[in-house]
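The values are calculated or read from the model by the stated rules, or taken from the named source; none is laboratory data. Keep in mind that this is a model prediction, so the values were computed, not measured. Glycine also receives a Cβ, built like all others from the backbone with ideal geometry; neighbour counts cover every protein chain displayed.
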Amino acid sequence: MADSAPITPAASARLMRRATIAATSVALALIVAKTAAWVVTGSVSLLASLVDSILDALASLVNLLAVRHSLSPADSEHRFGHGKAEALAGLGQAAFVAGSSGFLLLEAGRRVLRPTEIEASAAGIGVMLLSMAATLGLVAYQRHVVRRTGSTAISADALHYRSDLLANGGVILALWLSAEGLPAVDPLIAIVIALYILYSAWHILRQSLDHLMDRELPDAERERIIELVLGHPEVRGMHDLRSRRAGTATFLQLHLELGDDLSLVAAHRILEAVEATLRKAYPGAEIIIHPDPMSAITPELVRDFDEASQKA
C-alpha cells in the first residue's frame with residue numbers, strides 16, 4: 001500500500017466507488033458548462049477541452065463499471081478475483097484519450113489554416129476557471145483514494161484529470177490572447193494540449209500493462225516485505241520472493257528458511273506468525289509461504305532463485 005496506515009478491503013472498496021461516482025459527476029457537469037461556453041465563444045481550444053471532458057466522462061463511466069466488477073468476490077471461474085478489470089479499464093481510458101488527441105490535432109490544424117475570431121472571451125474564461133476549481137477538488141480526492149487503496153483504475157483516472165488542469169490553463173491563455181487580438185494563438189495552444197493528452201495516454205497505457213503483465217512491486221515495498229519476514233526471531237532467511245498486484249489485491253509468495261530440528265507444528269506456527277505480520281501491512285493479501293529446512297538451502301539453489309527473480 002502507498003499509505004503508511006493499512007486499509008481494510010471493505011474500506012478500500014467504499015473509497016473506490018465514491019471516487020468513480022465523483023469523477024463521473026464532475027465530468028458530466030463540466031460537459032454542460034463547456035458546451036455552453038464553446039457555443040458562445042467558438043474557441044477551438046475550448047472545443048479541445050470540451051472533447052476532453054466528454055472522453056473523461058466516458059472513461060470515468062468505464063472506470064465505474066470496471067471498479068464494481070473488480071471488487072466482486074472470487075468465483076469458481078476466477079479464483080484470483082477480478083482485480084485485473086481495473087487494468088483493462090486503464091487500456092480503454094488510454095484508447096479514449098489517444099483518440100481525443102487525434103481529433104483535436106485535426107481540428108486545430110484546420111483552424112491554423114483558417115483562423116476564426118473568438119467572441120465572448122470573458123464568459124469562456126469564467127467557465128474554464130470554474131472547471132479548474134472543480135477538477136482541482138476531484139484530483140485532490142482521487143490522490144487521497146489512490147494513496148489509501150493503490151487502485152490502478154483510479155490512478156489512471158487521476159492522471160488524465162491532472163492533464164486537464166494544464167489544458168484548462170492553456171484554454172484560459174488562448175481566450176485571453178484572442179481577446180487581445182491574437183486569434184491565431186488559439187489553435188496553436190490546442191495543438192499543445194492535444195500533444196500533452198497523448199503523452200498522458202502513454203502513461204496510462206504503461207501503468208495498465210504493468211498490472212496486466214504482473215510486474216513486481218516496487219523495490220521499496222519488496223525491501224519492506226523482506227524486513228518484516230526476517231524480523232521473526234526463528235526465521236533464518238528467505239528467498240524467491242514473488243509479488244504482484246491485480247487491482248487492489250496484493251499477491252505475495254516466498255520461501256522461508258527454518259531450522260532443521262523444528263517439528264511440523266513448530267514450523268507451521270512460525271509460518272502463521274510471519275503471514276500475520278505481512279497481513280497487517282497488506283490487509284486482504286493472498287500470501288503463500290513455503291518452508292525450507294536450512295540443510296536444503298545450497299548456494300546454487302539461492303543463486304538460481306535470484307537469477308529467476310531478476311529475469312522476472
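When each of TYR199, TYR161 is tested for being surrounded by fewer than 16 Cβ atoms within 10 Å (Cβ to Cβ), under 17 Å from the mean Cα position of the chain (by Cα) and part of a helix (DSSP H, G or I), the lone residue that passes is TYR199.
Only a single item in (1) at pLDDT 80 or above; (2) among the β-branched types (Val, Ile, Thr); (3) more than 20 Å from the chain's Cα centre (by Cα) is not met by THR250, and it is number (3).
Selection within the stretch 263-289: residues that are surrounded by 14 or more Cβ atoms within 10 Å (Cβ to Cβ) and free of Cβ contacts under 8 Å to residues at least 24 places away in the same chain. The member of this set that is farthest from ALA11 (Cα to Cα) is LEU271.
Among the residues making up the stretch 252-262, a single one is in contact (Cβ under 8 Å) with a residue 40 or more places away in the chain and among the acidic types (Asp, Glu): GLU257.
Given the structure, is SER208 part of a helix (DSSP H, G or I) and touching a Gly at 6+ places or on another chain (Cβ under 7 Å)? Here the answer is yes, as SER208 does meet what is asked.
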